[in-house]
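Accompanying notes for the structure given below.
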Amino acid sequence: MTTAVIRPVRSDDAEAIAGIYAPYVRDTTISFELDPPSARTMRERIAVIVPRYPYLVAERDGEVVGYAYAGPLRARAAYRWTTETTVYVDAAFGRRGIGRTLYQTLLDELTTLGFVSALGIVALPNPESVGLHEALGFTHVGTETGVGYKFGRWHDVGVWQRDLAPRQAHPPEPRRPD
């Protein structure tokens, strides 16, 4: 199990986050990005996310070893109660419960903020991510066939959904993180 500390992201975490993410971009189809983003790009992305959504890091012995955040599912206003979620853990710290702890903390924060559902979008095959989503109560709600092209082949994308709150006729607006 993890002994990592989960805390809100800071802009100076961008370099560590870029370092964690780069191998996923370079070496796998887990991310459909083709070039690893720089620390500067990650800092810009963090600045866009944190005014409206939680963005968390896992820190162990002063080192950022994972991160998780939520963002908009789609741009249109009717989607504002639903988020797309993301979690990445440094490969050297995998299978220690850090991803699960990060993700559960993110889901708890989203619930507190008033979001109604969260979607995990998973490039397939990815049994580790599918297992994590299902262990955290997500349900497979669909597969988009052959929508991503990377490393010379087409890849499917699965969608997992977890409800965070009941749907209401007149839902209150999700609150911004503190």
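Taken over the stretch 100-149, the criterion of being crowded, with 16+ Cβ neighbours inside 10 Å and of a type in the set (D, E, K, R) is satisfied by Arg100, Glu109. Among residues of the stretch 17-32 that are without any contact (Cβ under 8 Å) to a residue 24 or more places away in the chain, those with a Cβ under 6 angstrom from a residue that is in a loop (DSSP other than H, G, I, E, B) and crowded, with 18+ Cβ neighbours inside 10 Å, sequence gap 6+ or separate chain, pair up as Val25/Ser31.
Determine whether Ile6 is buried (at least 20 other Cβ atoms within 10 Å of the Cβ) and of a type in the set (A, V, I, L, M, F, W, C). Outline the logic, then answer.
Numbers: buried (at least 20 other Cβ atoms within 10 Å of the Cβ): no; of a type in the set (A, V, I, L, M, F, W, C): yes.
Answer is no for this residue.
Summed over the stretch 14-24, residues that are touching a Ser or Thr at 6+ places or on another chain (Cβ under 9 Å) and buried (at least 18 other Cβ atoms within 10 Å of the Cβ) total 3.
Whenever a residue of the stretch 35-47 is surrounded by fewer than 18 Cβ atoms within 10 Å (Cβ to Cβ), its partners that are modelled with pLDDT of 95 or more and of a type in the set (Asp, Glu), lying with C-beta atoms within less than 6 angstrom and at least six residues away or across chains, give the pairs Ala39/Glu15.
All conditions in (1) over 15 Å from the mean Cα position of the chain (by Cα); (2) more than 30 Å from Asp35 (Cβ to Cβ) hold for Arg162, with the sole exception of (1).
Taking the conditions (1) charged (D, E, K, R); (2) at pLDDT below 95; (3) assigned to a strand (DSSP E or B) in turn, Glu59 satisfies each one other than (2).
Tyr53 - would you say it is within 25 Å of Val147 (Cβ to Cβ) and not in a loop (DSSP other than H, G, I, E, B)?
no
The values are calculated or read from the model by the stated rules, or taken from the named source; none is laboratory data. Nothing here was measured: the structure is a model prediction, and the numbers come from that model. As a convention, Cβ positions derive from the backbone with ideal geometry for all residues, glycine included, and neighbour counts pool all protein chains shown.
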